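Contents: one structure, followed by commentary.
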């Protein structure tokens, strides 16, 4: 990468999202956090009050601004936070240096989320929170911490199921499965796909697709090359 490309790589990737969609996402995200706070306030409190996690706000961004993202689906949300809680707890108990424990907790959380197919970025924030505030959590007992994470995650998922399915054009959860390739007797006419075609297609989608047009073009070109190599159709 030359210097010009390096500088251009800092340019903002703008997705073709209507202003009304942006406003709607902000409104429903804020409403969801308000409802979560009310639910935590009025739920039965066990010894210590249930509090809202800071990392759950990042989860709200995915659940209500990009609900079709693979990282916003129920298993990544639930598994990501719970596994990160475990990573944070283990590192806080086994590593005395809080800075080293913080780094290890985040790294372990990322590995475990990857390994168990529940990658959810806000989960790493949960792991970090557990380490940084372990001194405050320890006197209250770890069962209370588990209850806090479970309450935050389960209520957020319930709100996502309710709110997203009430909005026209949205469906939650979304099952990501490969589409079958239709076999035809006639050779289809080759069509050159351009970036403007992908930009137009993105405007026809409901909700936010958390990938840039440039990434989609790169994915398409790599897939075409892979298919050509597999079928032996690449011309020298």
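Since every read-out is calculated from the coordinates, none of them should be taken as a lab result. Just so you know, these numbers come straight off a predicted model, no measurement behind them. Backbone-built Cβ (ideal geometry, glycine too); neighbour counts: all protein chains shown.
Laid out as a table, the results:
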quantity	calculated
Gain on full stretching of the segment that runs from residue 8 to residue 174 - 0.36 nm per residue minus C-alpha separation	56.4 nm
Most to least packed among 110-120, 34-44 [average Cβ atoms within 10 Å]	110-120, 34-44
Rg [Å, one decimal], Dmax [Å, integer] - the range 43-83, C-alpha atoms	12.5, 38
Overall form of the range 19-166 per C-alpha gyration tensor (a/c, 1.5; a/b vs b/c)	oblate
Column: log10 I(q)/I(0), Debye, Cα scatterers of the range 61-104, q = 0.14, 0.15, 0.21, 0.23 Å⁻¹	-0.46, -0.50, -0.68, -0.72
Residue order, fewest to most surrounding Cβ atoms within 10 angstrom, among 89, 75	75, 89
Normalised per residue, the volume of the convex hull around the Cα set of the range 1-81 (Å³)	149
